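K.L.:
Sending over a structure as structure tokens; questions will come in a sec.
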Amino acid sequence: MPNDKKMSDKPRKLSSASDLRKYTQQIWLAGLGAFSRAEEEGGKMFDNLVKVGEELESKTRDLADNTVESVVEARDKVLEKANDTRDKVERAFDEKLSGALGRLGIPSQRELDDVNQRLDTLTQVLQQLTDQMRQNQNNGK
């Protein structure tokens, strides 16, 4: 190992063609070893990354689903309260308006409907009486 340290500190001088060939062969083998190691560990690393990604996606999906459910529930509650409030306001407005119209002597819709029904009944009675009178006049002639 001490020789290796010296090699890294100083460039190594190649004394012959055989040393050059030997050094070139070692570089080639180191490259092949590095490629083989990267290929082996790269597959394992890829599989591990896929597994981590699946776990993260599952957690994220669960979190998103829970968040969506919470938002939908909150929206439904807000809409329900808004509808209740609107109904209360409409009832209060109707009561106030009906009271004001009553004080002014303006009849309500229900009162107008009752009057219309009575008028319809009177119209029918008058029509029947008119028809009877015509028959009596025709019978007397």
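K.L.:
Of all residues in segment 99-122, which are exposed (fewer than 10 other Cβ atoms within 10 Å of the Cβ) and either of a type in the set (Ser, Thr, Tyr) or not in a helix (DSSP H, G or I) (or both)?
P.N.:
Leu104, Gly105, listed by residue number.
K.L.:
Follow-up question, since we're still on this one. Among what's in segment 1-58 and is part of a loop (DSSP other than H, G, I, E, B) and of a type in the set (A, V, I, L, M), pick the residue that is modelled with the lowest pLDDT.
P.N.:
Of all residues in segment 1-58, those part of a loop (DSSP other than H, G, I, E, B) come to 1, 10-16.
Now restrict to residues that are of a type in the set (A, V, I, L, M): 1, 14.
Working: Met1: 43, Leu14: 56.
If we take residues in segment 1-58 being part of a loop (DSSP other than H, G, I, E, B) and of a type in the set (A, V, I, L, M), then Met1 is modelled with the lowest pLDDT.
K.L.:
Can I ask one more? Acidic (Asp, Glu) and modelled with pLDDT of 90 or more: which single residue out of Glu111, Glu95, Glu80 fits that description?
P.N.:
Residue meeting the stated conditions: Glu80.
K.L.:
If I ask for residues that are within 33 Å of the chain's Cα centre (by Cα) and of a type in the set (Lys, Arg), which ones from segment 36-64 would you list?
P.N.:
Across segment 36-64, the qualifying residues are Lys51, Lys59, Arg61.
The values are calculated or read from the model by the stated rules, or taken from the named source; none is laboratory data. Since this is a predicted model, take the numbers as computed values, not measurements. Note that each Cβ is placed from the backbone with ideal geometry, even for glycine, and that neighbours are counted across all protein chains shown.
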